[in-house]
Amino acid sequence: MPQDYFIKFQKQFKNELPFVCFRKPGEKEVKGVLQRDARLHRCSELDKSGFIFAPFEDIHSTVLIPFDEVLVETYKNEALTSIKTKFSDSSETTRMDYVSLIENSLLEIKNNSFKKVVLSRAIDLTVSIKPFEVFMNILNTYDNAFCYLWYHPKVGLWLGATPELLLTVKDGNLKSMSLAGTIPYNSSKKPGWGQKEKEEQELVTAHIKANLETKLEDINIGPQESIRAGELWHLRTLVYGRIKDVNLKGLVEELHPTPAVCGLPVKESASFIKENEGYDREYYAGFLGEMNLDHPLSASLFVNLRCLKMTNRGVRIFVGGGITERSIPEKEWLETVHKSKTMANMLHF
């Protein structure tokens, strides 16, 4: 990639103008979208053309960066030196608070309030980072994730490497996925999934199938498969279908928030999250991606996982995990510790 490719985006950032750089899973091209002014374009109806950035809850605006200028370059991955950070996620107070939250959720599951809830937490680090260097680290590390650097002066600066597709819509066809279950990657052995992870995955898949049945002429459900995302394994099931009536907003409403970031039933688990999680997820666990680029009925949207927000004080890393009746609180805590390293290991401090 030419050295001057990111220079244009750095100038955009310095001038406090919105932009996004991103690369889709398995692709070589990095695409950039630059907005010519600092206006905040809201797009709750999902009926415009541009790059969409949507929150977990609608208390925040769904933001669109229009395709004012689009730059595409092929990116050649560079060999990364071993990244060593001083990052530690071992606060006893944080651990106890999160474990207590899980224990409370297990009581609600036992009382049949819901079957599953996804509980998250935020990790605040007082560090100074260079966003474009972090983005290049992400590109060099996560070939099979949706990698992005997104900025709007009225919203903030976000970076991420998400493994989860929300949906693609093209030529009347839909593709989505259920993604649930996480264990650490071990190069010396195949992933060994427990009953908890398998059942959690089945719950998510069944929910997606049920919600899309009225929207699709037919639904094809793939097998459960293990996919690697950095130093983690995930369970994934792909979902395909022919759309009866292409209505992007309607399709998104059937899928977001997914049980993989909220829970089941969605309404009840979302209520528990709002009342008990204790912080604002903002755009974490929302969705982002291209919309209506090729023609008015197309989209390529991803769930905003494995992400961080950069602020004047440092960075905030977001992590979470799915809680079911088989969950063991300490094990769930460790899962979030493993997930936090996805972004923390991209930082030099």
Excluding residues fewer than 8 positions from Lys11 in its own chain, the aspartates and glutamates with Cα under 19 Å of it are Asp37, Asp68, Glu69, Glu73, Glu133
Check: C-alpha center region 108-142 vs C-alpha center region 319-346, spacing in Å is 9
The size of the Cβ-based charge dipole (Lys, Arg +1; Asp, Glu -1) of the chain about the Cα centre, to the nearest 20 debye, is 720
Sorted by chain and number, the residues with a modelled amide H under 5 Å from that of Ala229, at a separation of 5 or more or across chains, are His234
As straight-line cross-link partners of Lys8, the qualifying lysines (C-alpha separation under 26 Å, not fewer than 8 residues apart within one chain) are Lys24, Lys28, Lys31, Lys48, Lys76, Lys130, Lys154, Lys309
1/(1 + (r/R0)^6) with r = Cβ-Cβ of Glu92 and Glu217, R0 = 45 Å, i.e. FRET efficiency to nearest 0.05, evaluates to 0.25
Note to self: with every protein chain in place and a 1.4 Å probe, the chain gives an accessible area per residue in Å² of 46
Rounded to a whole number, the Stokes-Einstein D of the chain in µm²/s (Kirkwood radius over Cα pairs; 20 °C; 1.002 mPa s) is 104
Counting only protein heavy atoms and leaving out ligands, DNA and RNA, the solvent-accessible surface of His60 at a 1.4 Å probe, in Å² to the nearest 10, equals 50
Computed over region 301-349, the Cα gyration tensor eigenvalues, each multiplied by 5 and square-rooted, give semi-axes in Å (largest first) of 24, 13, 9
Rounded to a whole %, the carbon-and-sulfur portion of the accessible area of the chain at a 1.4 Å probe is 46
Asserting the computed 222 nm helical MRE of the chain (DSSP H runs at least 4 long, -39500 (n - 2.57) per run, divided by residue count, to nearest 500) equals -8500 deg cm²/dmol
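The values are calculated or read from the model by the stated rules, or taken from the named source; none is laboratory data. Only a predicted model underlies this, so the values are computations on that prediction, with no experimental measurement involved. Every residue, glycine among them, receives a Cβ derived from its backbone with ideal geometry; neighbour counts consider all protein chains shown. For accessibility, only protein heavy atoms count, side chains too; no ligands or nucleic acids. Shrake-Rupley method; radii C 1.70, N 1.55, O 1.52, S 1.80 Å.
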